[in-house]
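Participant: Can you keep this structure in mind? I'll have questions shortly.
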Amino acid sequence: MRAVVITSPGGPEVLQVQEVEDPVVGDDEVLIKVEATALNRADTVQRKGLYPLPKGASPYPGLECSGTVLTVGKSVACWKVGDRVCALLSGGGYAEKVAVPAGQVLPIPEGVTLRDAASFPEVACTVWSTIFMTSQLSPGETLLVHGGSSGIGTFAIQIAKHVGIRVFVTAGSEEKLAACKNLGADVCINYKTEDFVARVEEETGGKGVDVILDNVGGPYLQKNLDSLGMDGRLFIIGFMGGAATEVNLSCLLARRLTIQAAGLRNRSLENKAKIVAEVKKHVWSAIAAGKVKPIVYKTFPLSEAAEAHRLMEGSSHVGKILLIP
């Protein structure tokens, strides 16, 4: 099969399509013929050599895909050859075929094309496992999402509004903020021209928000804590701004704040299967009802993976970027 190989750690130019061996399918796995895969920031970090692979993961990038089942392992009873599916991966999506544990496979959401379904698994599992399963975001509460126009952000806005949440977002341009507004965001803040802490205070009457989903890390930690209300929860899923900072912790006691952090890729198979099952139960019905839609900015052929990475790192996009084998 053809796959995108990271020939050496570096810039987008190190991504090259090569002929490689087909994946070996385990007893509890299915082999998927990939229709599409979606880019994630983790792919760019892996390309730079800064994201060690989990044990047993494919060396090729790609944390989600959609496609058709080609083969099922002898212990798999829930899927059959020919099923149209999408899947959460530990790697290997930038290829024509990928093997994936059966518990990480999902049916194509009703009303979504096979290709566009590739935009859902990673963002849906990330958002649902963090701010809902862990932070217990509940109807009537408030959520602040940094990077509201990203794949994570555009999904989080939609599912949170469906659940009954007041959504705040930050983004770096008026065009991105307009896109967030169109998806249902209630308060849109340009972090380049506004102080989001002051805006949150103003919009909440000084109460602060209940939950924050953050991918910036260190530079935002104090600001995030200052933006949370009583019993507020901060969930960190990335360190795009850096991991180190100095912080005044007194607010943790004063307002009973919680700081949480987790990734998705390094979780156990059992934990991933649990998250996937929860997403199928709670999110897929929202998609079928048209409350959450795929936001696909652009598609590239597999051979143009480098260009796709350049687009992602330029941060001008809104939503997801897909690769098509």
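The values are calculated or read from the model by the stated rules, or taken from the named source; none is laboratory data. Keep in mind that what you see is a predicted model, and the values were worked out from it rather than measured. Positions of Cβ are generated from backbone atoms using ideal geometry, with glycine treated the same way; all protein chains shown enter the neighbour counts. Side chains are part of the model used for accessible areas, which takes the heavy atoms of the whole protein and leaves out ligands, DNA and RNA. Shrake-Rupley method; radii C 1.70, N 1.55, O 1.52, S 1.80 Å.
Participant: Mind checking which helices (runs of 4 or more DSSP H) fall wholly inside the range 202-299 and carry at least 2 residues that are of a type in the set (V, I, T)? Talk me through it step by step, then tell me what you get.
Facilitator: Working: elements: 221-227, 250-255, 269-282, 284-288.
Those helices (runs of 4 or more DSSP H) span 269-282.
Participant: Let me ask something additional. Which ones in the range 35-65 are open to solvent by 10 Å² or more (accessible area, probe 1.4 Å) and in contact with a Pro (Cβ under 6 Å, 6 or more places away or on another chain)?
Facilitator: Listed by number, the residues that qualify are Q46, K48, G49.
Participant: To continue, here is another question. If you go through the range 192-201 one residue at a time, how many are of a type in the set (K, R) and either within 13 Å of L144 (Cα to Cα) or part of a helix (DSSP H, G or I) (or both)? Spell out how you get there, then give the answer.
Facilitator: Keep residues of the range 192-201 that are of a type in the set (K, R), which gives 192, 199.
From the residues that got through so far, the ones that are either within 13 Å of L144 (Cα to Cα) or part of a helix (DSSP H, G or I) (or both) too are 199.
Counting residues in the range 192-201 that are of a type in the set (K, R) and either within 13 Å of L144 (Cα to Cα) or part of a helix (DSSP H, G or I) (or both) gives 1.
Participant: Would you mind telling me which numbered condition in (1) open to solvent by 40 Å² or more (accessible area, probe 1.4 Å); (2) in contact (Cβ under 8 Å) with a residue 40 or more places away in the chain N271 fails?
Facilitator: Only one criterion in (1) open to solvent by 40 Å² or more (accessible area, probe 1.4 Å); (2) in contact (Cβ under 8 Å) with a residue 40 or more places away in the chain is unmet by N271, namely (2).
Participant: Keeping to the range 270-312, report how many residues are closer than 14 Å to A38 by Cα and within 18 Å of the chain's Cα centre (by Cα).
Facilitator: 10
Participant: Can you pull out every residue in the range 284-318 that is under 16 Å from G184 (Cα atoms) and not hydrophobic (A, V, I, L, M, F, W, C)?
Facilitator: Within the range 284-318, G290, K291, K293, P294 qualify.
Participant: All but one of (1) out of contact with any Phe, Trp or Tyr (no Cβ under 8 Å at 6 or more places or on another chain); (2) outside any loop (DSSP other than H, G, I, E, B); (3) not aliphatic (A, V, I, L, M) hold for G49; state the number of the condition that does not hold.
Facilitator: Unmet condition: (2).
Table: residues versus (1) open to solvent by less than 50 Å² (accessible area, probe 1.4 Å); (2) out of contact with any helix residue (DSSP H, G or I) (no Cβ under 7 Å at 6 or more places or on another chain).
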residue	(1), (2)
D116	yes, yes
T134	no, yes
G147	yes, no
Q158	yes, yes
V167	yes, no
E203	no, yes
V216	yes, yes
L221	yes, yes
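Participant: Further question on the same structure: Could you run through the range 282-313 and say how many residues are open to solvent by 10 Å² or more (accessible area, probe 1.4 Å), out of contact with any Lys or Arg (no Cβ under 8 Å at 6 or more places or on another chain) and closer than 15 Å to A42 by Cα?
Facilitator: Count: 3.
Participant: Go through A102, A117 for me and flag whichever is closer than 11 Å to C65 by Cβ, in contact with a strand residue (DSSP E or B) (Cβ under 6 Å, 6 or more places away or on another chain) and outside the structural domain of L228 (by the TED database).
Facilitator: On the way: A102 fails: closer than 11 Å to C65 by Cβ.
When all the criteria are applied, what remains is A117.
Participant: Cβ-Cβ under 6 Å, sequence separation 6+ or interchain: first residue in the range 276-289 and in contact (Cβ under 8 Å) with a residue 24 or more places away in the chain, partner polar (S, T, N, Q). Which pairs?
Facilitator: These pairs meet every condition: V276/Q104.
Participant: Out of V85, V123, V112, V98, report the one residue that is in contact with a Pro (Cβ under 9 Å, 6 or more places away or on another chain), touching a residue at least 60 places away in the same chain (Cβ under 8 Å) and under 25 Å from Q158 (Cα atoms). Please lay out each step first, then the result.
Facilitator: Values: V85 fails: touching a residue at least 60 places away in the same chain (Cβ under 8 Å); V123 fails: in contact with a Pro (Cβ under 9 Å, 6 or more places away or on another chain); V98 fails: under 25 Å from Q158 (Cα atoms).
Among V85, V123, V112, V98, only V112 is in contact with a Pro (Cβ under 9 Å, 6 or more places away or on another chain), touching a residue at least 60 places away in the same chain (Cβ under 8 Å) and under 25 Å from Q158 (Cα atoms).
Participant: Let me ask something additional. Say we look at the range 230-257 and pick out the residues that are free of Cβ contacts under 8 Å to residues at least 40 places away in the same chain and in contact with a Lys or Arg (Cβ under 9 Å, 6 or more places away or on another chain); which of these is least open to solvent (accessible area, probe 1.4 Å)?
Facilitator: G232
Participant: Another question about this same structure. Looking at the range 56-69, I want the residues that are in the same structural domain as D83 (by the TED database) and farther than 17 Å from M312 by Cα and have a partner that is assigned to a strand (DSSP E or B) and polar (S, T, N, Q) with Cβ atoms under 6 Å, at least 6 apart or on another chain. Which pairs are those?
Facilitator: Qualifying pairs under 6 Å: C65/T37.
Participant: Next question, about the same structure. Residues to consider are V14, V24, V20; find the one that is over 29 Å from K80 (Cβ atoms), surrounded by fewer than 19 Cβ atoms within 10 Å (Cβ to Cβ) and assigned by the TED database to the domain that holds E307.
Facilitator: Values: V24 fails: over 29 Å from K80 (Cβ atoms); V20 fails: over 29 Å from K80 (Cβ atoms).
Only one candidate passes the filter, namely V14.
Participant: What about I189, is it free of Cβ contacts under 8 Å to residues at least 60 places away in the same chain, touching a Pro at 6+ places or on another chain (Cβ under 8 Å) and under 17 Å from L228 (Cα atoms)? If you could, list the steps in order and put the result at the bottom.
Facilitator: Values: free of Cβ contacts under 8 Å to residues at least 60 places away in the same chain: yes; touching a Pro at 6+ places or on another chain (Cβ under 8 Å): no; under 17 Å from L228 (Cα atoms): yes.
Judged against the criteria, I189 is not a match.
Participant: Scan A95, A3 and give me the residue that is in contact with a Lys or Arg (Cβ under 8 Å, 6 or more places away or on another chain) and crowded, with 23+ Cβ neighbours inside 10 Å.
Facilitator: On the way: A3 fails: in contact with a Lys or Arg (Cβ under 8 Å, 6 or more places away or on another chain).
Among A95, A3, only A95 is in contact with a Lys or Arg (Cβ under 8 Å, 6 or more places away or on another chain) and crowded, with 23+ Cβ neighbours inside 10 Å.
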